[in-house]
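See structure below.
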Amino acid sequence: MQNNSVGEALDSFQIELPSWGFANTGTRFGKFLQLAAATTTEEKLSDAGEVHRLTGVCPTVALHVLWDFPDGLRSVEETSRLAKKCGVRPGSINPNVFQDQIYKHGSLGNPDSEIRRTALNHIVESISIARQLGSRDVSLWFADGSNYPGTANIRHRRAWFEEALQEAHSHVALNQRLLVEYKPFEPAFYHTDIADWGMALLLAKSAGPRAKVLVDTGHHYQAQNIEQIVAWLLTDGMLGGFHFNDRRYADDDLTLGSIDPYQVFRIFHEIAMYEWETGKRAGIAYMVDQSHNLKGKMEAMIQTVTTAQELYAKAALVDHGSLARHQKNSSLVDAENCLKDAFSTDVRPAIQEWRQSHGLPADPLAAFRESGYLERITAERAERNRSTASSYA
Ligand code: PSV
Ligand code: MN
């Protein structure tokens, strides 16, 4: 499958927005609050809907169960209705087994079996929520780990994770998936129970056929070759999806491609090359996982989405036939140049054309600034946001 056309590539690209990216969030040192930030699930869906209206490629919104379904299953109908009203659909469902006080020493890895059961029940409820919403993916991230050597039985915790994920998988419908996310640090700083892609892969494989790995680009050590992980997971049919964000140091949640756009391009390239070689679609959920602390939340989201489109389109420009030949002949400079030529191509005019041909604004950021949406939500939400702190960004 040779896909050298930017338009064809863009037709096949969609990216999911996180509800939490529109709310006021901060760092562990504090929050700089924005008066326009969403304060309710409806407002988060509305902001996501606006980004979708302007870009045309974000039809689904990732939801966090504790933050967006305070009444659990009882909130499902209302959330469905609100999503529809805002022109989007519920996307991946994210259980939250990291915030409650009982999870101080872990959730599925907690030495207390009752706490493990409570966490598993929440995950099972999240799977039902996803099923009722028609969401395919349930994304699992665990803050489990320990801060000091010798304080946790790493092998027992692994076994508890295995058992619980197998049970969770038995609740997953045929058209649903469990995505297992990994992260080597934070909030635990000695060991994390699912620290890397190998651990996530083993757990997903033991859970069952509908469990896959979720790659969050911020969840790696500095020198890690993320595209190699992507290539390996693709080969095994185990790449479920991405949480995209950029970083300079740790899990910094910076806007996609702000620090290293070539990294994101190389990830998209591995996927495009796989699809070209195999003739199969990779079936990956592309999701954003960013909480913007300083940039305007909606502008940052639009910037991320348009950057993702650009990098995806550039990756589609790689001449796969030539690259395969150069790789076979070990023509190193020529092979590398296949990537560099594509990466250096200015795809923005082609993307603008694509947008116009789809009835979308050529420049979504400019259209957002002209729309008056930000002024309206700032006026509507200012009082509510103001009541949560004394000064504002
Ligand atoms: C954890 O750092 C994480 O990447 C997980 O995906 C969570 O669901 C999300 O961030 C919460 O902000
Ligand atoms: Mn994530």
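The values are calculated or read from the model by the stated rules, or taken from the named source; none is laboratory data. Since the structure is predicted, the reported quantities are computational estimates derived from the model, not experimental observations. Because the Cβ atoms are built from the backbone with ideal geometry, glycine has one as well, and the counts that use them run over all protein chains shown. Calculation scope for accessible area: heavy atoms of the full protein, side chains included, ligands and nucleic acids excluded. Shrake-Rupley method; radii C 1.70, N 1.55, O 1.52, S 1.80 Å.
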Computed ³J(HN,Hα) along segment 214-229: with the Karplus parameters 6.51/-1.76/1.60, θ = phi - 60°, integer Hz and x for glycine or proline, the list is 10, 9, 9, 5, x, 9, 9, 6, 3, 8, 4, 8, 5, 5, 5, 4
Normalised contact order of segment 2-392, rounded percent, pairs of Cα under 8 Å and 6 or more residues apart:
20
Part-to-part distance (alpha-carbon centres) for segment 252-301 and segment 211-245, which is given in Å
11
Residue-wise, which Karplus ³J(HN,Hα) couplings in Hz belong to segment 82-90, taking 6.51 cos²θ - 1.76 cosθ + 1.60, θ = phi - 60°, and x for glycine or proline?
5, 4, 4, 4, 8, x, 9, 10, x
Built amide H within the under 5 Å cut-off of A23, gap 5+
A38
Separation of segment 11-82 and segment 121-142 by C-alpha centroid, Å?
16
Using the basic label-point model (7 angstrom from Cα toward the beta carbon), what is the L202 to A173 distance in nanometres?
3.3
Pop the C-beta distance of Q352 and A379 into the FRET formula with R0 = 35 Å and round what comes out to the nearest 0.05.
0.65
Show me, for segment 288-304, the HN-Hα J-couplings you get by feeding each phi into the Karplus relation (A = 6.51, B = -1.76, C = 1.60, θ = phi - 60°), rounded to Hz, glycine and proline as x.
8, 10, 9, 10, 8, 9, 10, 6, x, 4, 6, 5, 4, 6, 5, 4, 5
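What net charge do the residues around E162 carry, taking every other residue with its C-beta under 14 Å from that of E162, with Lys and Arg at +1 and Asp and Glu at -1?
Values: positive: R116, R155, R157, R158, K205; negative: D144, E163, E167, D193.
That works out to +1.
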At 1.4 Å probe size, with every protein chain present, just tell me what the per residue accessible area of the chain comes to in Å².
46
If I ignore ligands, DNA and RNA and count only protein heavy atoms, how much of W141 is accessible to a 1.4 Å probe, in Å² to the nearest 10?
50
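If a/c stays under 1.5 just call it rounded; otherwise compare a/b with b/c (prolate if a/b is bigger, oblate if not). Do that for segment 2-392, with a ≥ b ≥ c from the square roots of the Cα gyration tensor eigenvalues. Let's see the in-between values first.
Values: a/c = 1.64, a/b = 1.11, b/c = 1.48.
Verdict is oblate for segment 2-392.
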Exceeding the 30 Å Cα-Cα cut-off - candidates K85/K205; K84/K183; K183/K314; K84/K297; K85/K183; K44/K205
K85/K205; K84/K183; K85/K183; K44/K205
Run the 1.4 Å probe and let me know the accessible area of T307, rounded to the nearest 10 Å².
30
Under 10 Å, Cβ to Cβ, from A362 - net charge with Lys/Arg +1 and Asp/Glu -1
0
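Which value in deg cm²/dmol, rounded to the nearest 500, describes the helix-derived mean residue ellipticity at 222 nm for the chain, given -39,500 (n - 2.57) per DSSP H run of n ≥ 4 and division by the residue count?
Computed mean residue ellipticity for the chain: -14500 deg cm²/dmol.
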Quick one: with all protein chains in place, what share of the accessible area of segment 2-392 is carbon or sulfur, to the nearest percent (1.4 Å probe)?
51
Rough spin-label spacing in nm, given labels placed 7 Å along Cα→Cβ, for T27 and E370:
3.7
Modelling each spin label as a point 7 Å along the Cα-to-Cβ direction, I'd like the Y221/R81 distance in nm, to one decimal.
5.2
Amide H contacts under 5 Å for G218, restricted to residues at least 5 apart in sequence or on another chain and with H modeled in the peptide plane, are N245
Largest-first ordering by accessible area, 1.4 Å probe, given options S344, S322, S206:
S344, S206, S322
Taking amide H positions as placed 1.01 Å from N in the peptide plane, with prolines and chain starts having none, which residues 5 or more places from A62, or on another chain, fall under 5 Å of its amide H?
L17, S19, G91, S92
Correct response: the longest run of the chain lacking exposed trypsin sites (Lys or Arg not before Pro), defined by DSSP loop and at most 13 other Cβ within 10 Å, is 29-247
Place a point 7 Å from the Cα of K280 in the direction of its beta carbon; the residues of segment 130-174 whose amide N falls under 20 Å from it are 137, 174
